[in-house]
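Colleague: One structure coming up, written as structure tokens, with questions to follow.
The values are calculated or read from the model by the stated rules, or taken from the named source; none is laboratory data. This one's a predicted model, so the numbers in the text were calculated from it and none came from an experiment. All Cβ positions, even for glycine, are placed from backbone atoms using ideal geometry, and neighbour counts span all protein chains on display. Side chains are part of the model used for accessible areas, which takes the heavy atoms of the whole protein and leaves out ligands, DNA and RNA. Shrake-Rupley method; radii C 1.70, N 1.55, O 1.52, S 1.80 Å.
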Amino acid sequence: MVVFMTQFSRHGVLCGAELWNVHVVVLVKGVLSFNFCEFLNPAAMPTVHDWINNPLGIVDEMFAQSHSSPDWEKKVVEYFKEKLKLNDARAWVPSLNDVPLHYMKPNSLVKFRCMVQDMFDPEFFMGVYEINDPTSNSKQVKCGKYKDVTECGQVDFNSRNTVTSERQTFYCVPIPGESQWVKESYAGTSQARVVPSTSYVQNRHKRSYEEDDEMDTQPQSQMKDVSQGAHSSAESHGNMEPKRQETKAPSQDSSPSHCTSSLDLNFPLPGEKGPACLVKVYENWDSFKLNDMLEVFGILSVDPALSVIADEREASSLLDPTEGMETVEEQRVHSPPASLVPRLHMLYAQPLAHNNPLLPSSALENSGDHLSCVLGELASVRAELLTFLTHVLMGDSLAAEYLILHLISNVYSRRDVLPLGKFTLNLSGCPLSSPYTKHLYNVIQQLVPSSFRLCMSLQNMNNQRMVPRKDYTANRLMSGILQLANNTSLFLDETQLEQGQLDTAGVQNITALGNLISWQKVDYDFNYHQMEFPCNINVLIASEGRSLLPSDCQIHLRPTLNPPNLEEYLSAVQVAQVPSQINKYRIYLSVARALNYTISDEITKAVEEDFVEMRKDDPQSMSAEDLHRLLVVARLLSLSHGQNTLSRDGWMKAKQLEVLRISQTQQQKCVNGNEP
């Protein structure tokens, strides 16, 4: 196995070329040095937040004490896990979701709420290396884990102490379609205190956001010069940080868009803002899957030397194609500027069952006290939510019932290819003459943590990429609209569909939507084959007549109110709900969809007997598909009332609901006549 090395600049920056799509990364000599003397001095007691401000100091201390022990790395991870378990400890860790990157302290502990959008090839790095200190003429063994750059000193590549390790890289993006109330709630509970970083440009925090936009759109060569100049400035201060005013962590929403660069950050949904991040994973990476929602805690790496390396590698490959096996596009995607796509060296990652900030993940564990206080209020909150949605649906309480059932539906299991628990709802009868569907979506967006409204116009169907596609030239997965995290609410606005011809891409997009609805899966396009990815996405279809897409249930909207100004009416309905009441609805929906559910043998037998009885007079009146839908309605109806098992009364209520729904739909068919 041959590894080509190319030396750049007087700093001894070394870069590894790629062979067989496996990245060989050699740690490079850093420009910024670390001073851990104060931390390692027993007389100087570390402050309570040293593990946040200087996590590498703790890692290096543990390495120096017990690097010969095979489990020293586990001790490091356990140390930070224990720290994060302390009361409010996680709230003190700055979040990349809330804080602009230039306010983050390099090499500090940060967190990132994200979705795994892509997984790159594994890469090798020097987990342990030895440096020659020319001043003392001595050798020192150093830890290379959780770092992209080495400390000052000449690396001895022939040392027997060198240990090559492997790590995985995930390309992570903010959770697609995350609601604004979710972002604001997470940011509002943060206790992190940050100082504007001086790693890039001095006094950058004093710039206006317009100037930041200009900064982000500068040519790459200019960006490199600025980064190198900032390094020189940092070195002139030695190991002393300049005095900077401490500020409350600013909101990411006030920062400039991260999409201003020509680099495609590959967000699944159009118009998304927020940082993308390369997450370096050191252990158990097989436990993570594509599209997983995670909260990652790791060490932030934004050293401009990473951008310099990327520029030099790209230039060398253009001059001599034999220098590397990567294409220019692949180098650009896999080694983007650190100022735009920071690196995050994972210490710990918590899988997120949901991203509702009002409800801790532990509260969804069905274990005693966690849910007891919430379950007691479910019935009363349900009644209030039903009244609210009835007003939104212009007086149609039956449609409001089914909308609640839809919002708490969840794929809880799979039997062969059949996803159990899904409940795609087709709300037909939506008016075309007013932006009613937009207002309806706004209401849903205020209730669920993640959502997206897809206007099914002819142009969107023909031009937008729904299904993710593998780009082999850049060696990355190009995202599509249907690359969504679990429990996302997808609002399909079919009222926007006009007459015209669907082209090949449009037909493929409609097929992909149908597969998503029917099988809760998306077939990713890998050019020569398709790869099936299961999902768990709530799909609501708003249409005038019956939808051209399949659905599990159709309910025709029958308004009993006729407000003179529909927009003013809907706005007034939303304003009437105080924030505390809306928060109750948000908690209710998340809890209800996460409850466990069982059916006793007694009720199962009663349902079977009832099914036989219903088919006795007319076998066509109740098919197996009708029974399946009735069982789903009964399950969701029970859960909506906080009951995790089906009762006889619940079964009878489900039957009554279905009779009313079928009657209402058939009445509309008689009125229209031509509706299928």
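Colleague: Consider Asn536 against the criteria (1) closer than 30 Å to Phe388 by Cα; (2) in contact (Cβ under 8 Å) with a residue 60 or more places away in the chain; (3) buried (at least 21 other Cβ atoms within 10 Å of the Cβ): it satisfies all of them except one. Which criterion is unmet?
Modeller: All conditions are met except number (3).
Colleague: Okay, moving on. When only residues in region 456-474 that are among the aliphatic types (A, V, I, L, M) and assigned to a helix (DSSP H, G or I) count, which is most open to solvent (accessible area, probe 1.4 Å)? It would help to see each step written out before you state the result.
Modeller: Taking region 456-474 first, the residues among the aliphatic types (A, V, I, L, M) are 456, 458, 461, 466-467, 474.
Okay, now just the ones that are also assigned to a helix (DSSP H, G or I), so 458, 461.
Details: Leu458: 30, Met461: 0 Å².
It comes out as Leu458.
Colleague: From Pro174, Pro196, which residue is open to solvent by less than 60 Å² (accessible area, probe 1.4 Å) and either at pLDDT 90 or above or among the aliphatic types (A, V, I, L, M) (or both)?
Modeller: Numbers: Pro196 fails: either at pLDDT 90 or above or among the aliphatic types (A, V, I, L, M) (or both).
The conditions single out Pro174.
Colleague: Within region 583-619, take every residue that is assigned to a loop (DSSP other than H, G, I, E, B) and aliphatic (A, V, I, L, M) and give me the one that is most open to solvent (accessible area, probe 1.4 Å).
Modeller: Ile599
Colleague: If Asn515 satisfies all but one of (1) surrounded by 16 or more Cβ atoms within 10 Å (Cβ to Cβ); (2) among the polar types (S, T, N, Q); (3) in contact (Cβ under 8 Å) with a residue 12 or more places away in the chain, what's the number of the condition it fails?
Modeller: (3)
Colleague: Out of the residues in region 102-117 that are closer than 21 Å to Pro268 by Cβ and either touching a helix residue (DSSP H, G or I) at 6+ places or on another chain (Cβ under 9 Å) or of a type in the set (A, V, I, L, M) (or both), state the one that is surrounded by the most Cβ atoms within 10 Å (Cβ to Cβ). It would help to see each step written out before you state the result.
Modeller: Of region 102-117, the ones closer than 21 Å to Pro268 by Cβ are 112-117.
Filter once more, so that each one left must be either touching a helix residue (DSSP H, G or I) at 6+ places or on another chain (Cβ under 9 Å) or of a type in the set (A, V, I, L, M) (or both): 113, 115-116.
Values: Arg113: 24, Met115: 26, Val116: 21.
Selected residue: Met115.
Colleague: Could you say which residue among Leu482, Leu447, Leu440, Leu477 is surrounded by 18 or more Cβ atoms within 10 Å (Cβ to Cβ) and more than 21 Å from the chain's Cα centre (by Cα)? Step through it out loud before you land on a result.
Modeller: Values: Leu482 fails: more than 21 Å from the chain's Cα centre (by Cα); Leu447 fails: more than 21 Å from the chain's Cα centre (by Cα); Leu477 fails: more than 21 Å from the chain's Cα centre (by Cα).
Testing whether each residue is surrounded by 18 or more Cβ atoms within 10 Å (Cβ to Cβ) and more than 21 Å from the chain's Cα centre (by Cα) leaves just Leu440.
Colleague: While we're here: Which residue is least open to solvent (accessible area, probe 1.4 Å), if the candidates are limited to region 402-437 and must be within 23 Å of Thr560 (Cα to Cα) and assigned to a loop (DSSP other than H, G, I, E, B)?
Modeller: The extreme case among them is Cys430.
Colleague: May I pose another question? Scanning region 281-305 for residues that are acidic (Asp, Glu) and more than 17 Å from the chain's Cα centre (by Cα), which turns out farthest from Arg476 (Cα to Cα)? Break it down stepwise before answering.
Modeller: The first filter runs over region 281-305 and keeps only residues acidic (Asp, Glu), leaving 283, 286, 292, 295, 303.
Add one more test, that the residue is more than 17 Å from the chain's Cα centre (by Cα), and what stays is 283, 286, 303.
Working: Glu283: 22, Asp286: 19, Asp303: 24 Å.
The qualifying residue farthest from Arg476 (Cα to Cα) is Asp303.
Colleague: Which residues, counting only those in region 120-146, are of a type in the set (A, V, I, L, M, F, W, C) and buried (at least 18 other Cβ atoms within 10 Å of the Cβ)? Can you show your working first?
Modeller: Going residue by residue through region 120-146, those that are of a type in the set (A, V, I, L, M, F, W, C) are 120, 124-126, 128, 131, 141, 143.
Scanning region 120-146 gives Phe120, Phe125, Met126, Ile131, Cys143.
Colleague: Something else: Among the residues of region 485-508 satisfying the criterion of being open to solvent by 80 Å² or more (accessible area, probe 1.4 Å) and in a loop (DSSP other than H, G, I, E, B), which is modelled with the highest pLDDT? Spell out how you get there, then give the answer.
Modeller: To start, the set of residues in region 485-508 that are open to solvent by 80 Å² or more (accessible area, probe 1.4 Å) comprises 498-499, 501, 504, 508.
Next, only the ones that are in a loop (DSSP other than H, G, I, E, B) stay: 498-499, 501.
Numbers: Glu498: 86, Gln499: 87, Gln501: 92.
For region 485-508, the residue satisfying everything is Gln501.
Colleague: Which count do you get for residues in region 559-576 that are more than 21 Å from Leu398 (Cβ to Cβ) and surrounded by 10 or more Cβ atoms within 10 Å (Cβ to Cβ)?
Modeller: 7
Colleague: What are the residues in region 241-268 that are surrounded by 19 or more Cβ atoms within 10 Å (Cβ to Cβ) and modelled with pLDDT of 60 or more, if any?
Modeller: Leu265, Asn266, Phe267, Pro268
Colleague: Quick test for you: out of Met325, Met394, pick the one residue that is in a loop (DSSP other than H, G, I, E, B), modelled with pLDDT under 90 and either aliphatic (A, V, I, L, M) or farther than 30 Å from Lys83 by Cα (or both). Steps first, please.
Modeller: Values: Met394 fails: modelled with pLDDT under 90.
None of the others qualify; the one that does is Met325.
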